[in-house]
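Worksheet: the structure to be examined is printed underneath.
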């Protein structure tokens, strides 16, 4: 994928610098609320190593008030859109908004209707079984009791259990950007008989699987296709980075109420480029539609920095004091590691606490791409948009298990009270929360963006475990190395 065309990083001293851009966006986000923090980010000379403290600062600086948090979000998004560029092979770089001045390519909408009967009851796959009704309620209660999810999850799932007619999302089309994503809701929504508009790269193998799933489902799949005589899987898809105008125009012409679901993912710097493209597309599509016609959906990674409720802090502190967390080994390990292993997750009494579950192997580009989504969710919710935003559990997706160190850490994480989910469990559970949000929203903020983010969070136990996650996951990797192979 070309670094010089489509949505691109700006040229800095003749190079497309991800470091200078990411550092600048973080500093700009902080500048009006926390000028000292902004100056520290500006001065950071080793961004790829030193980024962690600055992303933490983005959360901490916003805690005093909702206005502070929203200012950081707005400033960050403004900086993103002013810094990222639209690269044309035949001209100089232009502002990102120039992407929508490019004439869209001719595409039409193809519809695939499934042949199965829709599922009329919420069921979630879990450890070889499929849970519904009372069994699903008990499992949710156990997740909450085990510190894997926040208590508000119970009410959210109960709402969907009580209203199975919601599952087909009558009157709404969910636009799944990143349709093939393992964590995306596409397959669940199609099983439930919903209408889904799918966008992903024009790769025949990818679309062959999606079309096969759609035919076996109960739903309606809409997809953008190029005009031609080739098979459908060879004509389907849209490149968000390079064909932004085409995809935006196609989405803008869809009938009825839509929800733009951001489920895109890529490795490294491409992740920031595609996340920037989706954010630009989201704002552009809103200008094409009537007010209230466009909702938004996001899944947050649990491996980020979040403010967490006092109850989570108290649970962690209690776990730290419990002899079952092996006080005998904790002292020697901390001494041998210079205090880096098995440190407290929080200081007692924090309210709210700051949970830092960042996995350093994922890097600053990954964190920036996910922060863009958090910022957009907060700003859109404040503007009255129906927003579905949820923290998804740590999950054994392909992108995780291909990293041997992370796969090993996940394999051993249960020894520290952290549950790692299988993709089918995660994406079905998150799809159910999306359904609930669409059918009950737009809902007002709970008073602060961090409270909105914590609502019904399924963090896998990272918030309530005794130890700061990075100080424990190294040991988890050693313990889980054999199981992950």
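Being over 26 Å from residue 120 (Cα atoms) and surrounded by 14 or more Cβ atoms within 10 Å (Cβ to Cβ) is the filter here, so list the residues in segment 204-226 that pass it.
Hits for segment 204-226 are 204, 206, 207, 208, 224, 225, 226.
Looking at segment 227-240, which of the residues that are crowded, with 20+ Cβ neighbours inside 10 Å and within 21 Å of the chain's Cα centre (by Cα) is farthest from residue 84 (Cα to Cα)?
Only one residue tops the list, namely 238.
Which of the residues spanning segment 254-301 are within 17 Å of residue 109 (Cα to Cα), assigned to a loop (DSSP other than H, G, I, E, B) and either in contact with a strand residue (DSSP E or B) (Cβ under 7 Å, 6 or more places away or on another chain) or without any contact (Cβ under 8 Å) to a residue 40 or more places away in the chain (or both)?
Residues satisfying the conditions are 254, 256.
Within segment 66-110, can you find the residues that are farther than 25 Å from residue 252 by Cα and over 24 Å from the mean Cα position of the chain (by Cα)?
Selection gives 89, 90, 91, 92, 93.
Is one or more of the residues making up segment 138-159 surrounded by fewer than 13 Cβ atoms within 10 Å (Cβ to Cβ) and at positive phi?
No; the residues of segment 138-159 include none that is surrounded by fewer than 13 Cβ atoms within 10 Å (Cβ to Cβ) and at positive phi.
So which helices (runs of 4 or more DSSP H) stay within segment 127-221 end to end and still have 1 or more residues that are touching a strand residue (DSSP E or B) at 6+ places or on another chain (Cβ under 9 Å), within 25 Å of residue 453 (Cα to Cα) and in contact (Cβ under 8 Å) with a residue 60 or more places away in the chain?
It comes to 152-162, 186-191.
Inspect segment 379-386 for any residue being closer than 15 Å to residue 362 by Cβ, crowded, with 19+ Cβ neighbours inside 10 Å and in contact with a strand residue (DSSP E or B) (Cβ under 6 Å, 6 or more places away or on another chain) and give the result as yes or no.
For segment 379-386, residues closer than 15 Å to residue 362 by Cβ, crowded, with 19+ Cβ neighbours inside 10 Å and in contact with a strand residue (DSSP E or B) (Cβ under 6 Å, 6 or more places away or on another chain): absent.
Only one of (1) within 30 Å of residue 259 (Cβ to Cβ); (2) in contact with a helix residue (DSSP H, G or I) (Cβ under 8 Å, 6 or more places away or on another chain) is not met by residue 398, so which one is it?
(2)
Looking at 228, 238, can you tell me which residue is in the same structural domain as residue 460 (by TED's automatic domain parsing), more than 12 Å from residue 175 (Cα to Cα) and either touching a strand residue (DSSP E or B) at 6+ places or on another chain (Cβ under 8 Å) or in a strand (DSSP E or B) (or both)?
Result of the check over 228, 238: 238.
Hey, residue 8 hits all of (1) buried (at least 19 other Cβ atoms within 10 Å of the Cβ); (2) in contact with a helix residue (DSSP H, G or I) (Cβ under 6 Å, 6 or more places away or on another chain) but one; which does it fall short on?
(2)
For segment 241-252, name all the residues that are part of a helix (DSSP H, G or I) and either crowded, with 20+ Cβ neighbours inside 10 Å or in contact (Cβ under 8 Å) with a residue 40 or more places away in the chain (or both).
Residues satisfying the conditions are 244, 245, 246, 247, 248, 249, 250, 251.
Please find, within segment 461-484, the residue that is modelled with the lowest pLDDT out of those that are buried (at least 23 other Cβ atoms within 10 Å of the Cβ) and in a helix (DSSP H, G or I).
For segment 461-484, the residue satisfying everything is 473.
Yes or no, residue by residue, for (1) assigned by TED's automatic domain parsing to the domain that holds residue 369; (2) in contact (Cβ under 8 Å) with a residue 40 or more places away in the chain; (3) in a loop (DSSP other than H, G, I, E, B); (4) loosely packed, with under 14 Cβ neighbours inside 10 Å:
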{"site": "45", "(1), (2), (3), (4)": "no, no, yes, yes"}
{"site": "49", "(1), (2), (3), (4)": "no, no, no, yes"}
{"site": "52", "(1), (2), (3), (4)": "no, yes, no, no"}
{"site": "82", "(1), (2), (3), (4)": "no, no, no, no"}
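Residues of segment 84-121 being in contact (Cβ under 8 Å) with a residue 12 or more places away in the chain and in a strand (DSSP E or B), which ones?
Residues satisfying the conditions are 85, 86, 87, 95, 107, 108, 109, 110, 111, 112, 113.
If I go through segment 457-485 residue by residue, how many of them are closer than 19 Å to residue 185 by Cα and in contact with a strand residue (DSSP E or B) (Cβ under 6 Å, 6 or more places away or on another chain)?
Final tally of qualifying residues: 2.
Hey, among 423, 393, which residue is surrounded by fewer than 23 Cβ atoms within 10 Å (Cβ to Cβ), within 16 Å of the chain's Cα centre (by Cα) and within 22 Å of residue 264 (Cα to Cα)?
The conditions single out 423.
Only one of 97, 38 is farther than 27 Å from residue 427 by Cβ, in the same structural domain as residue 11 (by TED's automatic domain parsing) and crowded, with 20+ Cβ neighbours inside 10 Å. Can you tell me which?
That would be 38, the only listed residue that is farther than 27 Å from residue 427 by Cβ, in the same structural domain as residue 11 (by TED's automatic domain parsing) and crowded, with 20+ Cβ neighbours inside 10 Å.
The values are calculated or read from the model by the stated rules, or taken from the named source; none is laboratory data. Nothing here was measured: the structure is a model prediction, and the numbers come from that model. Positions of Cβ are generated from backbone atoms using ideal geometry, with glycine treated the same way; all protein chains shown enter the neighbour counts.
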